[in-house]
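*Asks:* Take this structure first; my questions come after.
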Amino acid sequence: PPQTLRCGRYLLDLSRPRVMGIVNLTPDSFSDGGKHDSVDAGVAHARQLLADGADLLDLGGESTRPGAADVSVADELARVLPVIEALRDCGVPLSVDTAKPAVMRAALAAGADMINDIWGFRQPGALEAVAGSDCGLCAMHMQGEPRTMQAAPEYDDVVADVLRFLQDQVARLEAAGVAPGRISLDPGFGFGKTVPQNYQLLRELDRVAALGYPVLIGVSRKSMIGAITGKAVGDRMAGSVAAALSAVQRGARIVRVHDVAATVDALKIWGTVETVATP
Ligand SMILES: Cn1c(SCC(=O)Nc2ccccc2)nc2c(=O)[nH]c(N)nc21
């Protein structure tokens, strides 16, 4: 896979794995218990993640939790735009986690550098919203939709199906004029997958990396970690770091995490092992 990702004004160096810090700007956010229901709290959290070593940030204004209420464009913008404006000179790429074309356009106009769309730019208008920009893109696999995707995930061959989906998304993006150097791919852990299917995807992640685009993954604190460790969402840091390292070992180059400091330390050790000069 390529060693860089074009993210607007930034060219993200992927010669080593990078840490994307999660900034939940939703009142009902999964694991922060809604601590970040205010712009100031969100900005403060982002600054802490930067101090912890985050290489980029992912700002999300709408929860993807199954059953979460839909958020209006206005509400999502009210949560995200002030944070973009406060952080746009922070020195690292700002990603915005949204599937709404109107939010994409406004976020990019406000200075966002990347769009992270769990729908893989399949909503009407999403492709057009990003095609004319040079922002980074993450195209993620999801089977079904957040409300229903975990009811009964069904695949012939989960890895082959996810690979085919990602290849189709790349073809759509590039046909719309998106430069390949802007595209990252993500198998979408937890988005329409059973626990065994998630671990089969993790075990065979090298096949996603073999598609030739940087791989971004998000396993942090997810139920696939809880299912194996038996730990509640606030106690999944060690399991999350282990899963992130497993993914990096199999070619992932961007890991989307809550626990930035711990992941940065783990990747420093991983990098030392990987680059010890052979005697
Ligand atoms: C926005 N977004 C999400 S939100 C779901 C989440 O974190 N749940 C969760 C968080 C904490 C605890 C339990 C579940 N996951 C991904 C991902 O895996 N990849 C990309 N690219 N974007 C993503």
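The values are calculated or read from the model by the stated rules, or taken from the named source; none is laboratory data. Everything numeric in this text was worked out from a predicted model, so none of it was measured. Virtual Cβ from ideal backbone geometry, glycine too; neighbours counted across all protein chains shown. For accessibility, only protein heavy atoms count, side chains too; no ligands or nucleic acids. Shrake-Rupley method; radii C 1.70, N 1.55, O 1.52, S 1.80 Å.
*Asks:* Taking every pair of alpha-carbon atoms in the chain, what share in percent sits in each 5 Å bin, from 0 to the bin with the longest distance?
*Replies:* Here the calculated profile for the chain is 1, 6, 13, 18, 21, 19, 14, 6, 2, 0, 0, 0.
*Asks:* Out of the total accessible area of the range 43-161 (probe 1.4 Å, heavy atoms of protein only), what percent is carbon and sulfur?
*Replies:* 49
*Asks:* If you take every residue apart from ILE254 with its C-beta less than 12 Å away from the C-beta of ILE254, what net charge results, scoring Lys and Arg +1 and Asp and Glu -1? Could the numbers behind the result be given before it?
*Replies:* Values: positive: ARG16, ARG18, ARG253, ARG256; negative: ASP13, ASP55, ASP58, ASP186.
Net charge in that neighbourhood comes out at 0.
*Asks:* Rg and Dmax in Å for the range 80-238, alpha carbons only: what are they?
*Replies:* 16.2, 46
*Asks:* Sticking with this one: Only four residue types carry charge here, +1 at the Cβ of Lys and Arg and -1 at the Cβ of Asp and Glu. Report the dipole size of the range 111-162 about the Cα centre in Debye, rounded to the nearest 20.
*Replies:* Values: 2 positive and 9 negative charges, 39 e Å.
Value, rounded to 20: 180 debye.
*Asks:* While we're here: Find out how many positive minus negative residues lie around ILE84, taking Lys and Arg as positive, Asp and Glu as negative, among other residues whose Cβ is under 13 Å from that of ILE84. Numbers along the way, then the final one.
*Replies:* Details: positive: ARG79, ARG88, ARG105; negative: ASP58, GLU76, GLU85, ASP89, ASP97, ASP113.
Spelling it out: positives minus negatives among the neighbours equals -3.
*Asks:* Let me ask something additional. I'd like the per residue volume of the convex hull spanned by the Cα atoms of the range 150-279, given in cubic angstrom.
*Replies:* Details: hull volume 17.0 nm³, N = 130.
Taking only Cα atoms, the range 150-279 has a hull volume of 130 Å³ per residue.
*Asks:* Where Lys and Arg each count +1 and Asp and Glu each count -1, what net charge lies around LEU12 among other residues with Cβ under 12 Å from its Cβ? Provide the component values of the computation, followed by the final result.
*Replies:* Working: positive: ARG6, ARG9, ARG16, ARG18, ARG182, ARG253; negative: ASP13, ASP55, ASP113.
Summing Lys/Arg as +1 and Asp/Glu as -1 gives +3.
*Asks:* Mind running the shape call on the range 62-134? Use the C-alpha gyration tensor, a ≥ b ≥ c as the square roots of the eigenvalues: rounded below 1.5 for a/c, prolate if a/b tops b/c, oblate otherwise.
*Replies:* Here the range 62-134 falls in the oblate category.
*Asks:* With a ≥ b ≥ c the root eigenvalues of the C-alpha gyration tensor of the range 33-164, is it rounded (a/c under 1.5), prolate (a/b larger than b/c) or oblate? Working shown, then result.
*Replies:* Numbers: a/c = 1.69, a/b = 1.50, b/c = 1.13.
Cα axes put the range 33-164 in the prolate bin.
*Asks:* Using amide H atoms built 1.01 Å from N in the peptide plane, name the residues 5+ places from ILE115, or on other chains, whose amide H lies under 5 Å from its own.
*Replies:* Here VAL96, GLY136, LEU137, CYS138 satisfy the definition.
*Asks:* For the range 229-270, take the alpha-carbon Rg, divide it by the Kirkwood Rh, and send me Rg/Rh. Walk me through the numbers before you get to the answer.
*Replies:* Numbers: Rg = 10.1 Å, Rh = 10.6 Å.
In the range 229-270, Rg relative to Rh is 0.96.
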